[in-house]
Amino acid sequence: MTDFSRIYHGARSAGGPLIFLEKTPQVAMGEWVTITAPDQPPRRGQVIDAGREITVIQILEETLGLPPAAAEITLTGQTATAVVGRELLGRTFNGVGQPIDDLPAPVGEARVPIWGAPLNPVRRGRPGEFIETGVSAIDGMNTLVRGQKLPVFSGPGLPGLELAGQIVENARAPRGEPFAVIFCAIGITAHETYTFLNRFERSGAMERSVLYLNEARDPTIERLLAPRVALSEAEYLAFKCGIHVLVVVADMTHYCEALREIATAREEIPGRRGYPGYMYTDLAGLYERAGTVLGREGSVTQIPIVTMPDDDITHPIPDLTGYITEGQLVLSRELHRRSIFPPLDVLPSLSRLMNSGIGRGKTVPEHREWANQLYAVYTQGREARLMATIVGEAGLGEADQRALGFAERFEREFVGQGSWRRSIGDTVELGWQLLETLPRDDLLRVSDPTWEARRAATA
Amino acid sequence: MSEAGCITRVTGALVEARPLRDVALYELARVGDGGLLGEVIRLEGETATIQVYEDTNGLKVGEPVQPTGEPLVVQLGPGLLGSILDGVARPLELVAAEAGDFIQPGITVPTLDPERRWPFQPRVSPGRRLLPGDVVGVVEERAGRQLPILVPPDIAGVLAEISPGDFTVADTVACLEDGTALNLAHRWPVRRARPAARRLPAGRPFITGQRVFDFFFPITEGGSVSVPGGFGTGKTVIEQSLARHAAADVVVYVGCGERGNEMADVLNEFPQLMDPRTGHSIMDRTVLVVNTSNMPVAAREASVYLGMTVAEYFRDLGFSVAVMADSLSRWAEALREIGSRLQEMPGEEGYPTYLGNRLGKLYERSGRVVALGAPEREGVITLISAVSPPGGDFSEPVTQASLRVCGALWALDPALAHQRQFPAVDWETSYTLYAEETTAWFAERVSADWPDLRATLLELLQRERELREIAGLVGPEALQDKDRLLLSAAHLIREVVLGQSAYDPNDAASPVEKTYRLASLAYELYQAALAGLDAGIGLDQLDMEPARRALTNYRNAPAGEAQAWADTASTALARLREQAAAAGDASGSPAAATDEAAEGCASAAEDQEDRQAQVSP
Ligand SMILES: Nc1ncnc2c1ncn2[C@@H]1O[C@H](COP(=O)(O)OP(=O)(O)OP(=O)(O)O)[C@@H](O)[C@H]1O
Ligand SMILES: [Mg+2]
């Protein structure tokens, strides 16, 4: 390979995570940069504004102690790439794909740019294969399908990672197709990583997984690269090797904060709450890398974890995420306080691809009606509960009282299943049993034929 | 063509290059060694700023920039219907054929198939003086669909030669005396609105097939509506439902900065869905413009103009065109992103100060017009645009700017969406400025009491909100029977009139007759029950269940069984009326009503048990 690298002695200035380089006649957008200085650890960076007169480089590591004038800056002539391949399975890397498991760096099967090119929409497959997560509130009410991006909206202290761990532990491929998990930690604590891995190890699938860890103590700006490196590997495994890949990214909130840090350092005009105006586009560049491709075997399914600051779903991070992903699984502090696990609030939760993953031949024929009915009574029960706090239960109509009772049981038994796996068959059966505590007149979302079929089946 | 310059800076989607002399604003340029497509959006001395429609990663300072001498144009002609274009008019199928499954920068492919031949029939003879927009002939695009071939809007002259035959889009089919050649296709700059002879006032209603819109918030053909709503409130489902079922000759669907999987959905479904008006697949009446959120941001900005230009072309041919834009917020954000990289002075929430102006111009391109040229043709563009307000808050600039220029608002409410009440249209906030002309049309074509019924039901829903607030304070049990009846009637109306599942094959599209019938039966049920109360029957003794069940079944029934269910509902209503009449006769005067109502309340529990016993063996 020809070496296109050029070395510059001394940067003009530095500020925050950025350094500014002068007179750069050949610099390329996105070019990979290495920076050294006397008595300083080597640093890495990336060109984010390429100019003949001034070039801006974002540095992945902390810039504390970096003397710009004495630094030696190498423009490598390459854009950021990652080594990918099946050989990475079972290994652990940092946020830029360097091994941190004391094993030698993998040779891999290919080296690919981490800024994955957009999948041509006409070449996208239509996701529609049910993933059984073993979690009733998901499988029954917010069904996940292969190729979907379905985030968990968690809150500080809520068990978002545990839920992700539970999903991953259970979500094996039904017909034994090749299956892999990629976990990308962004800015989370070692303890949180452990929480997730602990769950996950139980499934005995460590050798089917690749870990990319950028934890709280690791360089901040590296967080912008970590999910891209992870997704590059995911795409390779999925679309080159025909593997069904589940990607868990935790925590997107830390990613967005790194994005804001760069925007602030560049003195860009801030958008809502100081996050850059292009955050939607930037996040879409990650989330849209989930999917399936026509004529290819594998799939990339994403479960990003988003911690809602102050439990606020309208905060730009969950808000923009929700605008891009195909639904969301929302955790509720109230359920969590009542020790219901997983504390999933099914009302604001949604899987937009649910309809293509359920029904005859996939789950059960009556799935849609059954779920609609559960939603309807549960909604009524929640409203009744609210009303009861003011007028007392006795002030409620009879149907409302029944719905209220239903809501309690639904939360405790159906949603609050604990850490156990429940098959889709058991989930549907439990749902029916709860519904059948109500008179037929309360169940208008269930059509007569479906009702009769259920009667016949249980007679 | 002017001489090439060199890249001096790359920042995001923008490239600066110099020296570039004699280039024009909005001229296209080929950028870098890869020849990426870009558009000049600022000129200062010899420095041009170019927005690049493709991924700029890897572009290098010093690489060449070659102006093309032409603005961003789209080729308009036979073969356009059914195509799937990216934001700069490249058919995505061809892009895939060139580059594979993942989009690579620097690909050039023609919008229309250059090889395909079309049978052309002249409609004018040599010697005729042709004006812009005149129809010179027709192409049989497919069996039963004749596509007029026009003199382009910027050409006129005396026809010298014209011949029938099979031609490609680039072949000359006619020649003017001054030597100007006419082809089956012509090119038009996307940022320039196509001229029309004159604008017409709003026309007939634009029938959407969605009850909540057709009945409560109808718009006209040529009207425009803004559909704002937080994430997951159902904007895309509405846009897609309308693209499938609305009464339009042509649908231009602009997926602007939204999801790839949604496009896969459309591509998967549309070819299999039949358009009942033509008997052909609905893909046959559709042009998709697709620039998903992960595709370059500058092309997202262009995609909306591209969609509008394609729509204007079909309007000029004399069609009724519906444009679905999902979502204009992504377009506005693209403006903002480019504006901020240009270091423009930001306005509200960082959007450029010209946001309202640009949006207004865009909406102005919709409407009902007499097209240029002879024979006289009327063409229509109806614009339905989704808006994605951050945090679902409608006070933000894009929603507000849209409201200033559009004729109707279909406001979506996350609370309704969370309750799975779909379409999640907030009937209090939503409005239409076209109510008068549209309801007059429905009164004439469907039923004379349509306008009254609409007003009555809206009022009833309004009254429900107030009552629910009271009920929230005192408990529903403390309400009077009349009020409880109103709550239950409003509930039914929300369920069977407003509520409509896009996934129910029998109810995804509701013909206006069905819409009216459901609304009117639901109201009759309320009236009949009210008469029962007046006659002294307690609410819990009124047997409304059979009628309610029949109405639900009517809503869900396949077309063949619908009539039977509507009749069942009518019969059940008649029985309810009889019940009321009998009670009225027995008690003699409606004055006794209140006492008995109280009694009715007391016996409610028993009554309930009785009925439970009936249904569960
Ligand atoms: N008319 C409807 N019938 C049944 N379900 C609906 C209807 N409208 C919306 N939904 C449900 O709501 C979900 C979200 O709708 P949709 O994707 O249209 O939201 P959106 O407003 O476009 O969101 P975003 O802004 O994030 O794109 C759908 O996946 C579907 O489950
Ligand atoms: Mg949408």
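The values are calculated or read from the model by the stated rules, or taken from the named source; none is laboratory data. Note that the coordinates shown come from a computational prediction; the quantities given were computed from them, not determined experimentally. FYI the Cβ positions are ideal-geometry reconstructions off the backbone, even for glycines, and counts take in every protein chain you see. Accessible surface is based on the protein model in full, side chains and every heavy atom, while ligands, DNA and RNA are left aside. Shrake-Rupley method; radii C 1.70, N 1.55, O 1.52, S 1.80 Å.
Look through B:Gly229, B:Gly222 and report the one residue that is within 16 Å of ligand 2 (Cβ to nearest atom) and farther than 30 Å from B:Ile41 by Cβ. Spell out the reasoning first.
Working: B:Gly222 fails: within 16 Å of ligand 2 (Cβ to nearest atom).
After ruling out the rest, the residue left standing is B:Gly229.
Could you tell me which of the residues A:Leu386, A:Leu335, A:Leu283 is away from ligand 1 (no atom under 16 Å from the Cβ), in a helix (DSSP H, G or I), modelled with pLDDT of 95 or more and of a type outside the set (S, T, N, Q)?
Working: A:Leu386 fails: modelled with pLDDT of 95 or more; A:Leu283 fails: away from ligand 1 (no atom under 16 Å from the Cβ).
Answer to the check: A:Leu335.
Tell me the residue from B:Glu459, B:Glu477, B:Glu469, B:Glu495 that is within 16 Å of ligand 1 (Cβ to nearest atom), surrounded by fewer than 20 Cβ atoms within 10 Å (Cβ to Cβ) and over 23 Å from the mean Cα position of the chain (by Cα), please.
Numbers: B:Glu459 fails: within 16 Å of ligand 1 (Cβ to nearest atom); B:Glu477 fails: within 16 Å of ligand 1 (Cβ to nearest atom); B:Glu469 fails: within 16 Å of ligand 1 (Cβ to nearest atom).
The match here is B:Glu495.
Restricting attention to segment A:161-175, does a residue exist that is part of a helix (DSSP H, G or I), farther than 18 Å from A:Ile100 by Cα, of a type outside the set (Gly, Ala, Ser) and without any contact (Cβ under 8 Å) to a residue 12 or more places away in the chain? Step through it out loud before you land on a result.
Restricting attention to segment A:161-175, the residues satisfying the condition of being part of a helix (DSSP H, G or I) are A:161-170.
Now drop any that are not farther than 18 Å from A:Ile100 by Cα, which leaves A:161-170.
Narrowing further to those that are of a type outside the set (Gly, Ala, Ser): A:161-163, A:166-170.
Retained after the next criterion (residues that are without any contact (Cβ under 8 Å) to a residue 12 or more places away in the chain): none.
No, there is no match, as no residue in segment A:161-175 is part of a helix (DSSP H, G or I), farther than 18 Å from A:Ile100 by Cα, of a type outside the set (Gly, Ala, Ser) and without any contact (Cβ under 8 Å) to a residue 12 or more places away in the chain.
How many residues are at the interface with another protein chain (Cβ under 9 Å from one of its Cβ atoms), surrounded by 18 or more Cβ atoms within 10 Å (Cβ to Cβ) and on the phi < 0 side of the Ramachandran plot when one looks only at segment A:283-314?
The qualifying residues number 11.
Please go through segment A:216-233 and pick out each residue that is away from chain B (no Cβ under 14 Å) and either in a loop (DSSP other than H, G, I, E, B) or within 16 Å of the chain's Cα centre (by Cα) (or both).
Going through segment A:216-233, the residues away from chain B (no Cβ under 14 Å) turn out to be A:216-223, A:226, A:229-230, A:233.
If the condition is that a residue be away from chain B (no Cβ under 14 Å) and either in a loop (DSSP other than H, G, I, E, B) or within 16 Å of the chain's Cα centre (by Cα) (or both), then A:Ala216, A:Arg217, A:Asp218, A:Pro219, A:Thr220, A:Arg223, A:Ala226, A:Val229, A:Ala230, A:Glu233 are the ones that fit.
Of all residues in segment B:234-249 being part of a helix (DSSP H, G or I) and near ligand 1 (Cβ under 8 Å from one of its atoms), which is surrounded by the fewest Cβ atoms within 10 Å (Cβ to Cβ)? Break it down into steps so the answer makes sense when it comes.
As a first pass, look at segment B:234-249 and keep what is part of a helix (DSSP H, G or I): B:235-245.
Checking the rest, the ones that are also near ligand 1 (Cβ under 8 Å from one of its atoms) come to B:235-241.
Working: B:Lys235: 27, B:Thr236: 23, B:Val237: 18, B:Ile238: 27, B:Glu239: 26, B:Gln240: 20, B:Ser241: 22.
Top of the filtered list is B:Val237.
Look through segment A:53-75, keep the residues that are surrounded by 18 or more Cβ atoms within 10 Å (Cβ to Cβ) and within 14 Å of chain B (Cβ to nearest Cβ), and return whichever of them is nearest to A:Ala216 (Cα to Cα).
A:Gln58
Return yes when B:Asn553 is more than 26 Å from the chain's Cα centre (by Cα), of a type outside the set (Val, Ile, Thr) and surrounded by fewer than 23 Cβ atoms within 10 Å (Cβ to Cβ) and no when it is not.
Numbers: more than 26 Å from the chain's Cα centre (by Cα): yes; of a type outside the set (Val, Ile, Thr): yes; surrounded by fewer than 23 Cβ atoms within 10 Å (Cβ to Cβ): yes.
Here the answer is yes, as B:Asn553 does meet what is asked.
Among the residues of segment A:292-324, count how many are within 16 Å of the chain's Cα centre (by Cα), closer than 22 Å to A:Ala180 by Cα and away from ligand 1 (no atom under 16 Å from the Cβ).
5
Are any of the residues in segment B:346-361 of a type in the set (Lys, Arg), within 16 Å of ligand 1 (Cβ to nearest atom) and under 25 Å from B:Thr236 (Cβ atoms)?
First, the residues of segment B:346-361 that are of a type in the set (Lys, Arg): B:358, B:361.
Checking which are within 16 Å of ligand 1 (Cβ to nearest atom) leaves us with none.
Scanning segment B:346-361 turns up no residue that is of a type in the set (Lys, Arg), within 16 Å of ligand 1 (Cβ to nearest atom) and under 25 Å from B:Thr236 (Cβ atoms).
For A:Tyr8, all conditions in the list (1) closer than 19 Å to A:Ala265 by Cβ; (2) open to solvent by 10 Å² or more (accessible area, probe 1.4 Å) hold save one; what is the number of the exception?
(1)
Output the residues belonging to segment A:234-279 that are assigned to a loop (DSSP other than H, G, I, E, B) and under 24 Å from B:Thr11 (Cα atoms). Walk me through it before giving the result.
Initial filter on segment A:234-279 (assigned to a loop (DSSP other than H, G, I, E, B)): A:241-243, A:251, A:266-269, A:271, A:275, A:277-278.
Within segment A:234-279, A:Arg266, A:Glu267, A:Glu268, A:Ile269, A:Gly271, A:Tyr275, A:Gly277, A:Tyr278 meet the criteria.
Spot the failing condition for B:Phe231; the list is (1) of a type in the set (Phe, Trp, Tyr); (2) over 12 Å from the mean Cα position of the chain (by Cα); (3) within 12 Å of ligand 1 (Cβ to nearest atom); (4) part of a helix (DSSP H, G or I), and only one is missed.
(4)
Go through segment B:389-415 residue by residue and tally those that are open to solvent by less than 10 Å² (accessible area, probe 1.4 Å), within 15 Å of ligand 2 (Cβ to nearest atom) and either part of a strand (DSSP E or B) or over 14 Å from B:Val225 (Cα atoms) (or both).
2
Could you please tell me which pairs satisfy a Cβ distance under 6 Å, a separation of 6+ or placement on different chains, a first residue in segment B:167-180 that is over 14 Å from B:Gly137 (Cβ atoms), and a second residue that is of a type in the set (Lys, Arg)?
Between residues of segment B:167-180 that are over 14 Å from B:Gly137 (Cβ atoms) and residues that are of a type in the set (Lys, Arg), the close pairs are B:Thr168/B:Arg117.
So for segment B:271-280 (the condition being crowded, with 24+ Cβ neighbours inside 10 Å and more than 16 Å from ligand 2 (Cβ to nearest atom)), does at least one residue qualify? Explain how you work it out, then say what you get.
Here is the first cut: in segment B:271-280, the residues crowded, with 24+ Cβ neighbours inside 10 Å are none.
No, segment B:271-280 has no match at all.
Do we find a residue being charged (D, E, K, R), in contact with a helix residue (DSSP H, G or I) (Cβ under 9 Å, 6 or more places away or on another chain) and away from ligand 1 (no atom under 16 Å from the Cβ) anywhere in segment B:380-398?
Taking segment B:380-398 first, the residues charged (D, E, K, R) are B:393, B:396.
Right, trim to in contact with a helix residue (DSSP H, G or I) (Cβ under 9 Å, 6 or more places away or on another chain) and you get B:393, B:396.
Cutting the leftovers down to away from ligand 1 (no atom under 16 Å from the Cβ) gives us none.
No, segment B:380-398 has no match at all.
Taking the conditions exactly as written (more than 16 Å from ligand 2 (Cβ to nearest atom), closer than 19 Å to A:Glu369 by Cβ and not in a loop (DSSP other than H, G, I, E, B)), does B:Arg548 satisfy them or not? Let's see the steps before the verdict.
Working: more than 16 Å from ligand 2 (Cβ to nearest atom): yes; closer than 19 Å to A:Glu369 by Cβ: yes; not in a loop (DSSP other than H, G, I, E, B): yes.
Yes, satisfied.
Is it the case that segment A:272-282 has a residue that's open to solvent by 30 Å² or more (accessible area, probe 1.4 Å) and more than 12 Å from chain B (Cβ to nearest Cβ)?
no
What's the number of the only condition in (1) in contact with a Lys or Arg (Cβ under 8 Å, 6 or more places away or on another chain); (2) touching a residue at least 24 places away in the same chain (Cβ under 8 Å); (3) open to solvent by less than 30 Å² (accessible area, probe 1.4 Å) that A:His254 fails to meet?
(3)
From B:Val304, B:Val321, which residue is within 23 Å of B:Ser224 (Cβ to Cβ), in a strand (DSSP E or B) and either touching a Phe, Trp or Tyr at 6+ places or on another chain (Cβ under 6 Å) or within 10 Å of chain A (Cβ to nearest Cβ) (or both)?
Values: B:Val304 fails: in a strand (DSSP E or B).
Only one candidate qualifies: B:Val321.
State whether the residues of segment A:349-361 include one that is closer than 18 Å to A:Val428 by Cα, within 16 Å of ligand 2 (Cβ to nearest atom), within 14 Å of chain B (Cβ to nearest Cβ) and without any contact (Cβ under 8 Å) to a residue 24 or more places away in the chain.
Scanning segment A:349-361 turns up at least one residue that is closer than 18 Å to A:Val428 by Cα, within 16 Å of ligand 2 (Cβ to nearest atom), within 14 Å of chain B (Cβ to nearest Cβ) and without any contact (Cβ under 8 Å) to a residue 24 or more places away in the chain.
Taking only pairs six or more apart or across chains, which ones have beta-carbon atoms under 8 Å, a first residue in segment A:24-39 that is more than 7 Å from chain B (Cβ to nearest Cβ), and a second residue that is among the acidic types (Asp, Glu)?
Every condition considered, the pairs that remain are A:Ile35/A:Glu72; A:Thr36/A:Glu72; A:Ala37/A:Glu72.
Quick check: is even one residue across segment B:305-325 open to solvent by less than 10 Å² (accessible area, probe 1.4 Å), within 15 Å of ligand 2 (Cβ to nearest atom), closer than 21 Å to A:Gly327 by Cβ and not basic (Lys, Arg)?
Checked segment B:305-325: no residue is open to solvent by less than 10 Å² (accessible area, probe 1.4 Å), within 15 Å of ligand 2 (Cβ to nearest atom), closer than 21 Å to A:Gly327 by Cβ and not basic (Lys, Arg).
What is the residue count in segment B:250-268 for residues that are within 15 Å of ligand 1 (Cβ to nearest atom) and touching a residue at least 24 places away in the same chain (Cβ under 8 Å)?
Summing the residues that are within 15 Å of ligand 1 (Cβ to nearest atom) and touching a residue at least 24 places away in the same chain (Cβ under 8 Å) in segment B:250-268 gives 12.
Can you tell me which condition A:Phe341 does not meet? The list is (1) without any contact (Cβ under 8 Å) to a residue 12 or more places away in the chain; (2) within 24 Å of the chain's Cα centre (by Cα), and all the others hold.
Of (1) without any contact (Cβ under 8 Å) to a residue 12 or more places away in the chain; (2) within 24 Å of the chain's Cα centre (by Cα), only one is false for A:Phe341: (1).
What number goes with the only condition from (1) more than 14 Å from chain A (Cβ to nearest Cβ); (2) more than 13 Å from B:Asp214 (Cα to Cα); (3) open to solvent by 40 Å² or more (accessible area, probe 1.4 Å) that B:Pro511 does not pass?
Here B:Pro511 meets the rest and fails (2).
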